[in-house]
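*Asks:* I'd like to ask some things about the structure below.
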Amino acid sequence: HVGCERSPRGRRVPASAVAEWYDRDAMPAPPVPPPRFDRVNQCIWWGQRRVDLSANAFRLLEHLISRPPQLVAKSELLDAVWPDAHVVDAVLSVTVSQLRDALEDDARKPRFIETVNGRGYRWIGTLAPEPASSGAPAAAA
């Protein structure tokens, strides 16, 4: 077949289509704006999408973002998030995992919450600024 090549899946297609597939695959994904922390509604916003947080996940996030990029010890986080309860490290780990899910973060390649094994966690991320009055997503520019 003249003027045809094999696609990434092995089918014969016009050469121009193959070039378009490879160009599309090589293009970087558009940048995703950072999430916005909403203290009033105790949630985060990804653009127009609201992500509700449990009370504990909210307090954990609030505590971490108040100390960037300091290492926050597990014991400090346990005292801040569960001040009147005795909880074990596993409860903190589960709450960090829930928060990472909400932030679409990966523990192996963190963008927001870095684990310092055996010691605690560090906020390394960037949040969009909080608007003067919270309660709805920021207007698109």
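*Asks:* Before I look further, what does segment 39-80 give for accessible area per residue, probe 1.4 Å, in whole square angstrom? Write out the running numbers ahead of the final one.
*Replies:* Working: 2160 Å² over 42 residues.
Per-residue accessible area for segment 39-80 comes out at 52 Å².
*Asks:* Sorted by accessible area with a 1.4 angstrom probe, largest first, how do H86, H63 fall? Walk me through the intermediate numbers first.
*Replies:* Values: H86 175, H63 30 Å².
Putting H86, H63 in descending order of accessible area: H86, H63.
*Asks:* As an exercise, use a Förster radius of 35 Å and the Cβ-Cβ distance of R49 and A107 to find the FRET efficiency, rounded to the nearest 0.05. Please list the in-between numbers first.
*Replies:* Working: r = 22 Å, r/R0 = 0.64.
Here the calculated transfer efficiency is 0.95.
*Asks:* Now for a separate question. Counting Lys +1, Arg +1, Asp -1, Glu -1, what net charge surrounds G125 among other residues with beta carbon under 13 Å of its beta carbon?
*Replies:* On the way: positive: R36, R67, R100, K109, R111, R122; negative: E104, D105, D106, E114.
Around G125, the charge tally is +2.
The values are calculated or read from the model by the stated rules, or taken from the named source; none is laboratory data. Just so we're clear, the structure is a prediction, and the values are computed from it rather than from any experiment. Don't worry about glycine lacking a Cβ; one is built from the backbone with ideal geometry, like all the others, and counts go over all protein chains shown. Note: accessible area is taken over every heavy atom of the protein model, side chains too, but ligands, DNA and RNA are not part of it. Shrake-Rupley method; radii C 1.70, N 1.55, O 1.52, S 1.80 Å.
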